[in-house]
1. What residue, among those in the range A:133-154 that are of a type in the set (Ser, Thr, Tyr) and either under 19 Å from A:Lys89 (Cα atoms) or without any contact (Cβ under 8 Å) to a residue 24 or more places away in the chain (or both), is farthest from the other protein chains (Cβ to nearest Cβ)?
2. Please determine, by comparing only the residues of the range A:289-333 that are more than 17 Å from A:Tyr133 (Cβ to Cβ) and among the small types (Gly, Ala, Ser), which one is nearest to the other protein chains (Cβ to nearest Cβ).
3. Would you check which residues across the range B:180-203 are without any contact (Cβ under 8 Å) to a residue 40 or more places away in the chain and either away from chain A (no Cβ under 12 Å) or buried (at least 19 other Cβ atoms within 10 Å of the Cβ) (or both) and list them?
4. Looking for whichever is of a type in the set (Asp, Glu), within 9 Å of chain A (Cβ to nearest Cβ) and more than 30 Å from B:Leu78 (Cβ to Cβ) here; the options are B:Glu214, B:Glu227, B:Glu210. Which one fits?
5. Taking A:Ile20 as meeting all but one of (1) at pLDDT below 95; (2) loosely packed, with under 15 Cβ neighbours inside 10 Å, write down the number of the exception.
6. Could you give every pair whose Cβ atoms fall below 8 Å, whose first residue belongs to the range A:155-175 and is more than 8 Å from every other protein chain (Cβ to nearest Cβ) and of a type in the set (Phe, Trp, Tyr), and whose second residue is in a helix (DSSP H, G or I) and surrounded by fewer than 17 Cβ atoms within 10 Å (Cβ to Cβ), counting only separations of at least 6 or pairs across chains?
7. Does B:Leu164 qualify as being more than 19 Å from the chain's Cα centre (by Cα) and farther than 21 Å from A:Val165 by Cβ?
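The values are calculated or read from the model by the stated rules, or taken from the named source; none is laboratory data. All figures in this text were calculated on a predicted structure; none of them were measured in a lab. So basically every Cβ, Gly included, is an ideal-geometry build from the backbone, and we count neighbours across all protein chains shown.
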Protein chains: 2
Amino acid sequence: MSAPATTGYQTLTEETVVKIIEPLRFFTGEGELRVKEIGDGNLNLVFHLTEPASGKSLIVKQALPYAKVVGESWPLSLDRARIESEALKKAAEFVPDLVPKVLYSNAELAVTVMEDLSDHTILRKGLIAGNQYPKLAEHVGTFLAQTLFHTSDFYLHPFAKKALVQSFINPDLCKITEDLVFTDPFFDHETNDFPDELRPDAEALWGDQELKREVAQLKLAFLTRAEVLVHGDLHSGSIFVTGESTKMIDPEFAYYGPAGFDHGHFFANLALSALSHNYHTKEPGARSDYQEWLFSVIRDTWHHFAEQFSELWKNKGTETYTKVPGTLNDFLQQTWTDAIGFAGCEIIRRTIGLAHVADLDSIEDQGVQIELKRRALRLGSSLIKRRNQLPDVESFIAALKGGI
Amino acid sequence: MSAPATTGYQTLTEETVVKIIEPLRFFTGEGELRVKEIGDGNLNLVFHLTEPASGKSLIVKQALPYAKVVGESWPLSLDRARIESEALKKAAEFVPDLVPKVLYSNAELAVTVMEDLSDHTILRKGLIAGNQYPKLAEHVGTFLAQTLFHTSDFYLHPFAKKALVQSFINPDLCKITEDLVFTDPFFDHETNDFPDELRPDAEALWGDQELKREVAQLKLAFLTRAEVLVHGDLHSGSIFVTGESTKMIDPEFAYYGPAGFDHGHFFANLALSALSHNYHTKEPGARSDYQEWLFSVIRDTWHHFAEQFSELWKNKGTETYTKVPGTLNDFLQQTWTDAIGFAGCEIIRRTIGLAHVADLDSIEDQGVQIELKRRALRLGSSLIKRRNQLPDVESFIAALKGGI
């Protein structure tokens, strides 16, 4: 496949995007080609191209040289487009069905051309609507086991692993996580965003030195532990679902980090969903069933992950020490404990930090919303401080049930 | 200073090396310029250039594209010359008196031109001779505190730190450590080298699954924890000393790793020296005094390190969490515990691995040598397994006294 000629970065339009995809010869050329920009304009342009005559469609995503969040705008490296497409291609080596297929990428234009997934729903929307996805846990567990194992020192030659570490050094996007997940929510910082009623709770959290000492450990792990290539932002808005299919999208935050990082964010977003479903499921009687389903997703995701990771470790582990009894368990236990801590940070930052979740923010009754957010803060704090006392998924689920 | 013109890598000779240093205008040009290659030819060429008329001299070190150890030869990246000169220059930003001054470096030729330290002695030789160096502990503690703190996330902007991580990714040299320090000595590997009398001890060690499980953790820390720019090979052969001066040399193994790594290697080599001084000090009566001095170097090095690191943390820490009570202690404690584990690995690999220490190998009485090596294996193993029960430098020294 020949690369289209490029002359430096320029913002694509609904006209110029067509030229980008022409050399791919993806469309038949019969009849009309419809082009529509469907992004929210905060970070990326997203063009949806459809050819009704052939029924074919695809997505062209272009990174913008800035980020806009809640009216603020700051410059952001275009290199994130390269990282996103490289991460998608790396994942496709092991789980091609669990990521959108990349048809073409161009680092200079910060463009990724990929499979159209318009038939999928954003998981967060589905969870807010109270829908269940029977394959979700298996798919996420598989995605994590396959991508984390195959990018680790347990599998890769040390030279190959270090080359990947180097190519996924991702300063701009990591800085966002360092600030917005691990730092700002734990201090009285201007980026924080919460209603006045939560200020006493936020202030209690900021004054909790024991909590902050633990968060310091988690932040240091994020800053220093280059264990595996993580997605880096695996919340329920980064997962596309149907009843049969699951696709992890938008890995622009991908970097080499602690193996429990993605689990933590996924679990946190399921916990926030469970919290929100105390009050706004479709049928009052279905409430606890839906929460139980959410907990079962956490349980099954971990079990699918641990089983597959263990199989890979035993069958494909090249690192000598993978053969030593106990080493697999040590790694899984550390990954688990980290995941609980990262989940706690994610729950807190989604409650009082800059970026919220619709699961809670869309609750119309303000009193209810604030009470749930109060519980979220307590839950997140407890998970961080008690993560070493929650040694397995059942104790974690018990803590969630007690905390929401 | 203008760079000499280069056309790719070529091995220097006593003739061509003169052309390399001409543009530096270091020598006066009066009288004879003496050139002598003084390297051992295993890894590097080392040219000593002296101008008797002016009394000036310098060293030109050139990396060879291979390594030779005990008759074996394998290719080795020339990039290590760049890493060595960059690491020396980075250290000179903070401790210019504790490293050789780099006058010029050329990555293409794998050449570093530096200060001549012929008036210094290799520390290992001095230790074998039973000499004491009153400034050693203060200098090594200062070197470690300054270089580790100033290359950490506690001080550097995250972008600057990640750029340094990237530039010090050092696959070839790290692979040597991964194999020869953390792996081969713990398995029946062909690179191991020990007398037949030690085979039962080596086999006991290879069969100790608890030990190997702990070494797996230490190796994983070495592979993944990009905390600070470590020297990477700070044994007593990498330190030049006089009564007043200490210079850390040869940082070609430098990379971003765990903060306790260099401490561990330095302490291990002092412990091996103390072990060797059970039997071959100059005067029988001076034996325990010299060992006590060696232990005092360990104690004082750690205290100098911890005090200066703590001062830097308090006064120059830019990372928000450096202000949270307890975080400094957590980091120092982790660094300490790691150091003990790394020391244990170094003691074992210097006893049955490929690269030995002259401190033990030069003991002429074979029975004594083997008995001491047996103790070294037990000591190393015990340090690795008990590192969490040795919380401070006094308990570590007590363990050394009990083990040697």
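1. A:Thr142
2. A:Gly326
3. B:Thr183, B:Glu190, B:Asp196, B:Arg199, B:Pro200, B:Glu203
4. It is B:Glu210.
5. All conditions pass for A:Ile20, except number (2).
6. Cβ pairs passing all conditions: A:Tyr155/A:Lys316.
7. No; evaluated as a whole, the condition is false for this residue.
Every residue, every condition in (1) of a type in the set (A, V, I, L, M); (2) at pLDDT below 95; (3) surrounded by 18 or more Cβ atoms within 10 Å (Cβ to Cβ), yes or no:
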{"site": "A:Glu51", "(1), (2), (3)": "no, no, yes"}
{"site": "A:Gln62", "(1), (2), (3)": "no, no, yes"}
{"site": "A:Ala67", "(1), (2), (3)": "yes, yes, yes"}
{"site": "A:Gly71", "(1), (2), (3)": "no, yes, no"}
{"site": "A:Pro75", "(1), (2), (3)": "no, yes, no"}
{"site": "A:Ala91", "(1), (2), (3)": "yes, no, yes"}
{"site": "A:Pro96", "(1), (2), (3)": "no, no, no"}
